[in-house]
Amino acid sequence: MTSEFPRDQTAALLRERIFRFAASRMSREAAEDVSQESMLLLHEKYPHVTDPAELLPLAFQIVRFKMAAAIRKTLRRGEHRLVPVEDLPLASQADNPEQSAARSELRRRLLDAIAGLGERCREIFRLKLLGLGFDQIRIHFHVDSINTIYTWDARCRKSLLKRMGGSWEVKR
């Protein structure tokens, strides 16, 4: 580069060299960012440096500092350990056979246990599954106090858990 070049052409050649230098040491996207930041810094802080003999070493010094800062930032954020989303396997929406069997077994146990409960408990569970609140269940049973419904519900859940063997999980 000689000093006869117009400033725009010199800047374009300098940016290209900066980018190639940065791209040889980091990803293309990061090199684009670093070269853009370096050129911006040169334009804002060093507009008085026009001689290519001074401009080139200054530009490469700035690029080295910017690259080091970008690498520190990447390490600090843990971005160097990230796996691209495109590389991750898609999770299946369907249950695997073990989950399906466990859910089926729990459903069977739950239906058997509910069938063994009294009529009032079965009705409370049915109303709760329909989305009714305790006050609506109180009205359904024609009971004056909601605390009575709370007590019935607690006893029914305790009875259901006992019929399930004391645990919701299948004992192996």
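The values are calculated or read from the model by the stated rules, or taken from the named source; none is laboratory data. Please read all numbers here as calculations on a predicted model, not as lab measurements. Cβ coordinates were reconstructed from backbone atoms using ideal geometry, including for glycine residues, and neighbour counts include every protein chain displayed.
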Check: Taking the stretch 33-62, which residues are β-branched (Val, Ile, Thr) and not in a helix (DSSP H, G or I)?
Finding: 49, 50
Next item on the list: From (1) surrounded by 10 or more Cβ atoms within 10 Å (Cβ to Cβ); (2) outside any helix (DSSP H, G or I), pick out the condition that doesn't hold for residue 9.
Entry: (2)
Notebook entry, point to check: If you take the residues of the stretch 117-167 that are surrounded by fewer than 13 Cβ atoms within 10 Å (Cβ to Cβ) and of a type in the set (Gly, Ala, Ser), which of them is modelled with the lowest pLDDT?
Noted result: 167
Notebook entry, point to check: Conditions: (1) basic (Lys, Arg); (2) more than 30 Å from residue 27 (Cβ to Cβ); (3) free of Cβ contacts under 8 Å to residues at least 24 places away in the same chain. Residue 109 meets all but one. Number of the miss?
Noted result: (3)
